[in-house]
1. So for segment 19-33 (the condition being part of a strand (DSSP E or B), surrounded by 13 or more Cβ atoms within 10 Å (Cβ to Cβ) and at pLDDT 95 or above), does at least one residue qualify?
2. Looking only at residues that are in a loop (DSSP other than H, G, I, E, B) and touching a residue at least 60 places away in the same chain (Cβ under 8 Å) in segment 46-86, which one is farthest from residue 144 (Cα to Cα)?
3. So which residues in segment 96-118 are in a helix (DSSP H, G or I) and touching a residue at least 24 places away in the same chain (Cβ under 8 Å), if there are any at all?
4. In segment 118-129, which residues are out of contact with any helix residue (DSSP H, G or I) (no Cβ under 9 Å at 6 or more places or on another chain) and closer than 15 Å to residue 75 by Cβ?
5. Filter segment 119-148 down to the residues that are over 23 Å from residue 60 (Cα atoms) and either modelled with pLDDT under 90 or not in a strand (DSSP E or B) (or both) and list them by number.
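The values are calculated or read from the model by the stated rules, or taken from the named source; none is laboratory data. A quick note: this is a predicted structure, and the numbers were derived from the prediction, not measured. Glycine also receives a Cβ, built like all others from the backbone with ideal geometry; neighbour counts cover every protein chain displayed.
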């Protein structure tokens, strides 16, 4: 069954895409939750017209996202944390800490879009994190954890 997504759905697609799913998943979950509508012929035609009109806006969004990705990748963030005598952190560095550090540099990125590439950040040192900017556009930046 083909459906038109109204919202981004993890592991399925982005808002505005027409995707194929099983009928039960569509009718019992996606449609009642307001995440999708059934893709009839009239919905497909209307969607095609909307895509045609949106193409210019999409190109600008992609260009802006690529510029932001380049800006984020050029950043080297310093995160201050409280440290014990042997160099271990009290707690750990989280995506919320990285969000605050990026905001201090003037970059407004939501913590849900940040992924720390190390398993845990519980010691001083240099680490990397990835940021999902827009759809498939991602940027990786380095951050250093230093003692407060």
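1. For segment 19-33, residues part of a strand (DSSP E or B), surrounded by 13 or more Cβ atoms within 10 Å (Cβ to Cβ) and at pLDDT 95 or above: present.
2. 82
3. 98, 101, 102 - these are the residues of segment 96-118 that are in a helix (DSSP H, G or I) and touching a residue at least 24 places away in the same chain (Cβ under 8 Å).
4. 126, 127, 128
5. Residues satisfying the conditions are 119, 120, 121, 122, 124, 148.
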